[in-house]
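Participant: First the structure, which I've put down as structure tokens, then a few questions once you've had a look.
The values are calculated or read from the model by the stated rules, or taken from the named source; none is laboratory data. It should be emphasised that the depicted structure is a prediction, and the values quoted were computed from it without experimental measurement. In this analysis, Cβ positions are derived from the backbone assuming ideal geometry, glycine residues included, and neighbour counts consider all displayed protein chains. All accessible areas refer to the heavy atoms of the entire protein, side chains included, with ligands and DNA or RNA removed. Shrake-Rupley method; radii C 1.70, N 1.55, O 1.52, S 1.80 Å.
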Amino acid sequence: MDKLNVMIVGVGGQGTLLTSRIIGKVALSAGYDVKISEVHGMAQRGGSVVTFVRYGENVCEPVVEEGDADILIAFERLEALRYAHFLKKDGVLIVNDCKIDPMTVVIGANQYPENIIETLKDEHKVFSIDGASVAKSLGNSKVLNSVVLGLAAKYIGFSKEQWLSIIEKTVPSKTIEINEKAFLAGYEN
Amino acid sequence: MAEKIIMLGNEAIARGVYEAGVKVSSAYPGTPSTEISESLAKYEEVYTEWAPNEKVAAEVAFGASFAGVRSLACMKHVGLNVASDPLYTFAYTGVNGGSVIVVADDPGLASSQNEQDTRMIGRSAHVPVLEPADSQEAKDFVKFAYEISEKYDTPVILRTTTKLSHSQGVVELEDRVEVTDKVYERNLRKYVMMPASAIARHLVVEERDNKLQEDGCNFPINKMEIKDNKIGFITSGIPYQYVKEVCPNASVLKLGIVNPLPKKLIEEFISKVETVYVFEELEPVIQEQIESWGYKVKGKELFTKQGEYSANLLRKALFGKDNMEFNKKDAPNRPPILCPGCPHRSVFSVLNKLKIHAAGDIGCYTLGAVAPLGVIDSTLCMGASISSLHGIEKARGKDFIKNWVAVIGDSTFLHTGVNSLINMVYNKSTGTVIILDNRTTGMTGHQQHAATGQTLKGEETYAINLAELCKAVGVPNVVEVNAFDVVELEKIVKQAVGGNVLTVIIAKAPCALLKGQKFPYKCVADSEKCKKCGMCLKIGCPAITKQSDGTVKIDETMCNGCGLCSSYCKFGAIQKVEK
């Protein structure tokens, strides 16, 4: 049986929790043991947030160690840079091409690094997508997470149908159709 | 086959409580414990409430148990300090219906003000402590906790930690088993803790400790895995998972009960293994007791007392290196910040402008301590802002606090702040207290409280009027103001700190993240009019960024249209417009 370590990073409020829960549910539906580690509380207020999904025959630790992630999904460029070292040598990095200045940059104490995606491409397999633009073109900029998840799903595995059936069960009923469209836009990117 | 689903540790605890036939639950929100009550509220069979604080919650649980039903109280670690008064004596009275107190510790300080270890409190209060290691165990251990609570006539603490509470794992669901209410009988020697009864009950408590230490050796929640007889670990909770990850072939004694320790079981394990490591997060609670019995084990000389453990931490301590090679890149920090449209930012912007210091409290508004707002000088515990300000005035006099206020949230004010305010009235303070009334318990994820008009179950109820409450306890000057009206707020704050009477300013505006709110406006910056003065950046709103030419831009998707930035723009370069 396979084992997979997925890490999802972003900025508090970007909806990383829902993404990790969908991945976890897909893995469970495929018969795996699953553990998901989440961040609640203060960090959710615009801080750097990290969630982990691990699945396999038997999962002990709920977190992924540095250098041990198969897939890293970053919802923001700087967060991709911050956590890229969690990836395995042959790990896959999925980046939502978006920039959110941390307060340290807003107040001028730090500079937002240039060319993050290019830098990361030197060391890792990187696939980026402008989730917000794709989502906007579908008519709802809020479903960018599903776009990014769709792209990541190609590298995580499982069938398209397995993903869609879990999305249907997980997102609010009014948004099923648009989320599925968004997922497919990422998946078929 | 039973249904298997993924559950958050906290949801699994709630499920266990439901399955155990519990009828009454009371709690105050606190990360990482909050989701227990929120999940439990969904089960119709269980009465579930938010109490104003943890002391009240624990006493409600006592009352329900005393009346003969199974009961629950839950809280975060520091909440147990507030509840420790009832806890220590509840240990003496024991229970009628089983009673469990779930306490969530926060090693690593994901969202807390200290790293205290609940096992120490369990030990000093003589209350048994159980510690699960995953979601399935969280559910199973809660049910077991009710069994031993009734069998040994004691409240039981179920200790969880952030990593367990906020991790999801696979859980097998079972049905709820209704428990017949116990008969209520008046029993002064057991339930009225005046000295004569308490003297006798203390003996009972000690006997119970001894019995649990013996019987605990046979509890099915402990697990002894003898493999390699050279190296063994005594551990419990989440650290067990790290041991399994790093040393799958080591012998392990995984303790399900961590107070009192099952002494004979531990001695048996030590006799079978050459080198024994005690792997426990935070305090050396297990290690020191084992050493006091005369055994040599390894523990805190290798593993820190601080923070959250990990598999890598164990690996480094044992083998001197990480498993993997990795190259960490420099990236500017991204600390948490107040949200766009947060009313606290508005109040802090005024305090910052007036160069006022604030004694702070527990909530999102602690973020007002850091740049660029930087107005909070102290954060201690729930309710401490008001009493600290009183202490400052009594120490240094009125002149010293003429540029000081206390800031406290609405939920925190009702938790324990009101007691401190009564003290200010009683003992003739003249300070200024600002209640940041955002109509919710914000940081923990928007829970109702006694001034919101809704219960945990979503029923309508009486909403305490904070202004009337302050007036009723005798505050001579109570002023309500819209938190976003910075002109009025500035005037009121100046008057209050300069005046000679105790003043409570209630700055009102709902939390920007409260559900059901509409945001009809957005703010737009005009780069032609922008003079690059940076005034709007001083409020620290994440939606505003400086562009390479020095002018500012407002992110349309992040902006909630509160208009605070436009109030500070002297050049009319920021407009609040309809979306």
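Participant: Roughly how tilted is helix B:384-396, in degrees to the nearest 10 and between 0 and 90, from the longest Cα axis of chain B?
Facilitator: Helix B:384-396 sits at roughly 70 degrees to that axis.
Participant: Would you please state which residues of the range B:76-112 a label at B:Lys151 would reach in this model, taking the label point 7 Å out along Cα→Cβ and a backbone N cut-off of under 17 Å?
Facilitator: Label zone hits: B:95-100.
Participant: Nearest 10 degrees is fine. How inclined is helix B:54-66 to the longest principal axis of chain B, computing both from alpha carbons?
Facilitator: Helix B:54-66 and the main axis of chain B meet at about 40 degrees.
Participant: Once Lys and Arg get +1 and Asp and Glu get -1 on their Cβ, which of B:Thr452, B:Pro262, B:Ala512 lies farthest toward the positive end of the dipole of chain B?
Facilitator: It is B:Ala512, whose Cα lies furthest towards the positive end.
Participant: A further question on this structure: Under a 1.4 angstrom probe, counting protein chains only, how are B:Glu147, B:Glu225 ranked by accessible area, largest first?
Facilitator: Numbers: B:Glu147 110, B:Glu225 35 Å².
Of B:Glu147, B:Glu225, the descending order of accessible area is B:Glu147, B:Glu225.
Participant: Across peptide B:156-167, how many C-beta atoms of other chains are within 10 Å of each residue C-beta, on average? Spell out each step's value before the answer.
Facilitator: Details: counts 0, 0, 0, 0, 0, 0, 5, 5, 2, 2, 9, 10.
Across the residues of B:156-167, the mean count of other-chain Cβ atoms within 10 Å is 3.
Participant: Which loop GluC sites (Glu not before Pro) in the range A:78-176, with loop taken from DSSP, have no more than 13 other Cβ atoms within 10 angstrom of their Cβ? Walk me through the numbers before you get to the answer.
Facilitator: Working: sites: A:Glu79, A:Glu114, A:Glu118, A:Glu123, A:Glu161, A:Glu168; in loops: A:Glu114, A:Glu123.
Counting only loop positions with at most 13 other Cβ atoms within 10 Å, the GluC sites (Glu not before Pro) in the range A:78-176 are A:Glu114.
Participant: Another question, then. From the convex hull of the Cα coordinates of the range A:3-187, what is the mean projected area in square nanometres? Kindly include the intermediate steps, with their values, before the conclusion.
Facilitator: On the way: hull surface 41.7 nm².
If I average the Cα hull's projected area over directions, I get 10.4 nm².
Participant: Sequence-distant or interchain residues sharing an amide H contact under 5 Å with B:Thr154, placed H: which?
Facilitator: B:Val95
Participant: Given the range A:3-187, what percent of its DSSP beta bridges are antiparallel, to the nearest 5? Could the numbers behind the result be given before it?
Facilitator: Numbers: 13 of 27 bridges.
If I count the DSSP bridges inside the range A:3-187, around 50 percent turn out antiparallel.
Participant: Shifting gears a bit: Of the heavy-atom accessible surface of the protein assembly as shown (probe 1.4 angstrom), what whole percent is carbon and sulfur?
Facilitator: On the way: 15460 of 30850 Å².
Roughly 50 percent of what the probe reaches on the protein assembly as shown is carbon or sulfur.
Participant: A follow-up question, please. To the nearest 20 debye, what charge dipole does chain B have about its Cα centre, counting +1 at the Cβ of each Lys and Arg and -1 at the Cβ of each Asp and Glu? If you can, show how the numbers build up before the last one.
Facilitator: Details: 66 positive and 68 negative charges, 394 e Å.
Taking the Cα centre of chain B as origin, the dipole is about 1900 debye.
Participant: Given Cβ point charges of +1 (Lys, Arg) and -1 (Asp, Glu) and nothing else, what value in debye, to the nearest 20, does the dipole of the range A:3-187 about its Cα centre take?
Facilitator: Numbers: 20 positive and 22 negative charges, 103 e Å.
Dipole magnitude for the range A:3-187 comes out near 500 debye.
Participant: Right, next: Taking every residue in B:477-484, how many Cβ atoms of other protein chains lie within 10 Å of its Cβ, on average?
Facilitator: Working: counts 0, 0, 0, 0, 0, 0, 0, 0.
Mean shielding by partner chains, rounded to a whole number: 0.
Participant: Using only helices, what value at 222 nm comes out for chain A when you add -39,500 (n - 2.57) per DSSP H run of length 4 or more and divide by the total residues, to the nearest 500 deg cm²/dmol? Don't jump to the answer; show the numbers that get you there.
Facilitator: On the way: 8 runs with 75 residues, N = 189.
Roughly -11500 deg cm²/dmol at 222 nm, from the helical runs in chain A.
Participant: Which FRET efficiency value, to the nearest 0.05, is calculated for B:Glu214 and B:Gln306 with the Förster distance at 35 angstrom and r the Cβ-Cβ distance?
Facilitator: It comes out at approximately 0.55.
Participant: Starting from the exponent 0.38 and prefactor 2.2 Å, build the expected Rg for the range B:373-420 from its residue count and divide its actual Cα Rg by it. Don't skip to the answer; put the middle values down first.
Facilitator: On the way: Rg = 11.0 Å, N = 48, 2.2 N^0.38 = 9.6 Å.
So the Cα radius of gyration is 1.14 times the expected 2.2 N^0.38 Å.
Participant: For a Förster distance of 30 Å, can you work out the FRET efficiency between the beta-carbons of A:Glu168 and B:Lys515, rounded to the nearest 0.05?
Facilitator: Details: r = 23 Å, r/R0 = 0.77.
The pair A:Glu168/B:Lys515 has a calculated efficiency of 0.85.
Participant: Using a 1.4 Å probe, how large is the accessible area of B:Thr275, given in Å² and rounded to the nearest 10?
Facilitator: 50 Å²
Participant: Okay, next question. Can you work out ³J(HN,Hα) from phi for every residue in the range A:121-129, in order, using Karplus 6.51 cos²θ - 1.76 cosθ + 1.60 and θ = phi - 60°, giving whole Hz and x for Gly and Pro?
Facilitator: 5, 4, 10, 10, 7, 10, 10, 10, 8
Participant: Report for the protein assembly as shown the percent antiparallel among DSSP-assigned beta bridges with both residues inside it, nearest 5.
Facilitator: In the protein assembly as shown, DSSP labels about 35 percent of beta bridges as antiparallel.
Participant: Okay, moving on. To the nearest 100 Å², how much accessible surface do chains B and A cover up together, summed over both, with a 1.4 Å probe?
Facilitator: Values: alone 25790 and 9420 Å², together 30850 Å².
Summed over both sides, the interface buries about 4400 Å².
Participant: If you take every DSSP beta bridge whose two residues both sit in chain B, what share of them, in percent to the nearest 5, is antiparallel? Mind showing how you got there, number by number?
Facilitator: Details: 20 of 74 bridges.
DSSP beta bridges in chain B are roughly 25 percent antiparallel.
Participant: Counting only C-alpha contacts under 8 Å and six or more residues apart, can you give the relative contact order of the range B:343-508 as a whole percent? Mind showing how you got there, number by number?
Facilitator: Numbers: 341 pairs, mean separation 38.8, N = 166.
This gives 23 percent for the range B:343-508.
Participant: Turning to a different aspect of this structure: Going by accessible area, probe 1.4 Å, with all protein chains left in place, what is the ranking of A:Trp163, B:Trp293, largest first?
Facilitator: Working: A:Trp163 0, B:Trp293 60 Å².
The residues order as B:Trp293, A:Trp163, largest area first.
Participant: Mind checking the full-extension length gain between B:Asn419 and B:Lys529? Use 0.36 nm per residue of separation minus the Cα-Cα distance, one decimal, nm.
Facilitator: Working: separation 110, 0.36 × 110 = 39.60 nm, distance 5.00 nm.
Computed gain between B:Asn419 and B:Lys529 is 34.6 nm.
Participant: Okay, moving on. Tell me the relative contact order for the range A:50-126 as a rounded percent, counting alpha carbon contacts under 8 Å between residues six or more apart. Please report the intermediate quantities before stating the final value.
Facilitator: Working: 103 pairs, mean separation 20.7, N = 77.
Result for the range A:50-126 is 27 percent.
Participant: Given R₀ = 45 Å, what would the calculated FRET efficiency be for B:Val473 paired with B:Val577, taking r from the Cβ atoms and rounding to 0.05? It would help to have the intermediate numbers written out before the result.
Facilitator: On the way: r = 43 Å, r/R0 = 0.96.
With R0 = 45 Å, the Cβ-Cβ based efficiency is 0.55.
Participant: Taking the Cα atoms of the range A:101-164, what is the range of coordinates along each of the three principal axes, in descending order and whole Å?
Facilitator: 47, 32, 17
Participant: Further, regarding this structure: Under the rule a/c < 1.5 gives rounded, and otherwise a/b versus b/c splits prolate from oblate, where does the range B:1-59 land using the Cα gyration tensor?
Facilitator: Values: a/c = 2.78, a/b = 1.61, b/c = 1.72.
Oblate is the answer for the range B:1-59, as a/c is 1.5 or above yet b/c matches or exceeds a/b.
Participant: Now for a separate question. Skip the ligands, DNA and RNA, and give the accessible area per residue of the range A:3-187 with a 1.4 Å probe, whole Å².
Facilitator: Per-residue value: 37 Å².
Participant: While we're here: At a probe radius of 1.4 Å, what is the per-residue accessible area of B:Cys541, in Å² to the nearest 10?
Facilitator: Near enough 20 Å² of accessible area.
Participant: Let me ask something else about it. Tilt of helix B:135-151 relative to the longest C-alpha principal axis of chain B, in degrees (0 to 90, nearest 10)?
Facilitator: The helix B:135-151 is inclined about 60 degrees to chain B.
Participant: While we're here: As a test question: what accessible area, to the nearest 10 Å², does B:Lys316 have when a 1.4 Å probe is rolled over all protein chains in place?
Facilitator: Surface open to solvent at B:Lys316 totals about 110 Å².
Participant: Next up: Could you compute how fast chain B diffuses translationally, taking Rh as the Kirkwood radius over C-alpha pairs and applying Stokes-Einstein at 37 °C with viscosity 0.692 mPa s? Give it in µm² per second.
Facilitator: On the way: Rh = 26.1 Å.
Estimated via Stokes-Einstein, D reaches 126 µm²/s.
Participant: Based on the alpha-carbon gyration tensor of the protein assembly as shown and its eigenvalue square roots a ≥ b ≥ c, which shape applies: rounded if a/c is under 1.5, prolate if not and a/b is larger than b/c, or oblate? It would help to have the intermediate numbers written out before the result.
Facilitator: Numbers: a/c = 1.76, a/b = 1.14, b/c = 1.55.
Here the protein assembly as shown falls in the oblate category.
Participant: Summarise the partner chain shielding of A:76-82 as one whole number: the mean count of Cβ atoms from other chains within 10 Å of each residue's Cβ.
Facilitator: If you average over the peptide's residues, the count of other-chain Cβ atoms is 3.
Participant: Please report how many Lys pairs in the range B:423-512 have alpha carbons closer than 22 angstrom, counting only residues at least 8 apart along the chain or sitting on separate chains.
Facilitator: 7
Participant: At 7 Å along the Cα-to-beta-carbon direction for both B:Lys491 and A:Glu123, put a label point, then send me their distance in nm to one decimal.
Facilitator: The two pseudo-label positions are separated by 5.7 nm.
Participant: If you don't mind, there's one more thing I want to ask. Which of the three applies to the range B:1-160, rounded, prolate or oblate, going by the alpha-carbon gyration tensor with a ≥ b ≥ c and a/c under 1.5 meaning rounded?
Facilitator: Values: a/c = 1.36, a/b = 1.06, b/c = 1.28.
It is rounded, given that a/c, with a ≥ b ≥ c, falls under 1.5.
Participant: Further question: Run the helix sum for chain B: -39,500 (n - 2.57) per DSSP H stretch of 4+ residues, divided by residue count, reported at 222 nm to the nearest 500 deg cm²/dmol. Spell out each step's value before the answer.
Facilitator: On the way: 20 runs with 194 residues, N = 579.
Roughly -9500 deg cm²/dmol at 222 nm, from the helical runs in chain B.
Participant: Let me ask you something else. May I ask you to derive the relative contact order of chain B, considering only C-alpha pairs under 8 Å and at least 6 residues apart, and to give it as an integer percent? Display every interim value, and only then the final one.
Facilitator: Numbers: 1260 pairs, mean separation 62.5, N = 579.
The value is 11 percent.
Participant: Sorted by mean Cβ packing within 10 Å, highest first, what order do the peptides B:96-102, A:3-9, B:169-175 take? Don't skip to the answer; put the middle values down first.
Facilitator: Numbers: B:96-102: 28.6, A:3-9: 23.6, B:169-175: 17.1.
In descending order of packing, they fall as B:96-102, A:3-9, B:169-175.
Participant: A follow-up question, please. Mind checking the per residue accessible area of chain B for me, 1.4 Å probe, whole number of Å²? Walk me through the intermediate numbers first.
Facilitator: On the way: 23580 Å² over 579 residues.
Result: 41 Å² per residue.
Participant: Can you pull the one-decimal nm distance between simple spin-label points at B:Lys457 and B:Met224, each 7 Å off the Cα toward Cβ?
Facilitator: Label at B:Lys457, label at B:Met224, 4.7 nm between them.
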